[in-house]
Structure formats: C-alpha cells, structure tokens
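J.: Structure provided below as structure tokens; questions to follow.
Nothing in this text is a laboratory measurement; each read-out follows from the coordinates by a stated rule. Predicted model only: the values in this text are computed from it and were never measured. Every residue, glycine as well, gets a Cβ built from its backbone with ideal geometry; the counts of neighbours run over all protein chains shown.
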Amino acid sequence: MLHNRNVNGEIEHLDQLSRAELRELWKRELAEQPPSSLGRDILALGIAYARQERHYGGLSRPVAKELDRLLARALGDGNDTPELSATPLPRAGTILMREWHGITHHVTVTEDGFLWNGKPHRSLSSIARAITGTAWNGPRFFGLREVNSRTPENRHGG
C-alpha cells in the first residue's frame with residue numbers, strides 16, 4: 001500500500017503547480033511538447049494519467065482499439081477514412097447468445113477475439129459461418145448491428 005501512496009502523492013502535488021511548471025513537467029514526462037491550447041487542469045490530468053499508466057498499466061487492447069476507431073472517425077473527412085463499424089464490440093467477458101435451428105450458441109468475448117465451443121476464433125463471422133454453414137456478417141448474426149430489411153436472415157427468419 002505504501003507504493004500506492006507514492007503514486008497518489010506524485011499526483012496530489014500537481015494542483016500546486018503553475019501552468020508553466022506543468023508544461024515543463026509534461027515535456028519531461030511525456031517527451032513531447034504539450035498542446036498550447038491545454039489549460040492548467042487538463043495538463044495536470046494528462047500528467048496524472050501518464051503516471052498512473054506507468055504504475056498500474058495502460059488501457060486494454062479492446063479499449064485502445066475503440067479509442068483509435070473513434071479518433072479516426074472524428075478526424076476523418078470522409079475521403080480517405082475507411083468505413084468504420086458504428087457499433088463497437090462488447091468488452092471482454094461478455095457472453096453473446098444466439099439460437100439457431102433450436103440450438104442456443106454461447107460465444108464469450110475475449111481480449112484477443114472470441115471463444116466458442118471451447119475454441120478461440122478471431123472473428124464473429126467465422127463463428128456464424130461455422131454455425132450456419134453459410135457466409136454471414138458475424139456482428140449482425142449475434143445482434144450487434146441492425147438488420148437491413150433486405151437481408152436473407154430477415155426474409156427467412158433465421
């Protein structure tokens with residue numbers, strides 16, 4: 001617990017520093033020039049986050065991937081940015097269920113993909129294909145995307 005107090009102490013003193021001092025600290029700790037538009041509070045939050053990240057670890061891969069997706073979507077002008085999924089995948093540990101021809105299938109979302117029938121899979125589409133024997137959009141098959149009224153699964157009732 002003493003180690004945690006050290007991290008907390010390193011963060012608590014940030015509110016006593018001036019904006020200029022925080023900008024210098026940002027340069028030292030993050031090895032980059034802070035954006036000129038950031039005020040004192042945001043500089044302190046950024047430094048505190050960097051310190052906590054070093055101590056406790058960073059974001060999980062799915063969270064980092066989702067943040068990258070959102071950033072690309074926010075910065076994209078529509079010309080070069082590939083179409084990104086509007087629906088992010090659920091967090092690791094989530095169990096997706098789908099009934100198909102009287103059999104209920106359970107898929108667990110993992111950090112690196114999905115687990116179905118005790119075997120890892122990289123995509124929901126590969127699982128949907130294994131279940132149905134045909135090519136499906138995996139997120140749509142498991143109800144993570146809206147169904148287009150003209151898709152086969154909607155016409156045939158899956």
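J.: Please rank Tyr49, Tyr56, fewest neighbouring Cβ atoms within 10 Å first, as an exposure proxy.
T.: With the fewest neighbours first, Tyr49, Tyr56 line up as Tyr56, Tyr49.
J.: Relative contact order (percent) for the stretch 22-79, with alpha-carbon contacts under 8 angstrom and 6 or more residues of separation?
T.: 26 percent
J.: For the stretch 2-56, what is the per residue volume of the convex hull drawn over the alpha-carbon atoms, in cubic angstrom?
T.: In the stretch 2-56, the Cα hull volume divided by residue count equals 66 Å³.
J.: By how many nm would the segment from Gln52 to Gln16 lengthen if fully extended, with 0.36 nm per residue of separation less the alpha-carbon distance?
T.: Extending this stretch completely gives an extra 11.1 nm.
J.: Now a separate question. Using a 7 Å offset from the Cα along the Cα-to-Cβ direction at both Arg28 and Lys119, what is the distance between the two label points in nm, to one decimal?
T.: Going from the Arg28 label point to the Lys119 one covers 5.6 nm.
J.: Given R₀ = 22 Å, what would the calculated FRET efficiency be for Ser37 paired with Glu66, taking r from the Cβ atoms and rounding to 0.05?
T.: E(calc), rounded to 0.05, equals 0.35.
J.: Now for a different question. Report the full-extension gain for the segment Ala92 to Asn137: residue separation times 0.36 nm, less the Cα-Cα distance, to one decimal in nm.
T.: This chain segment gains 14.2 nm when fully extended.
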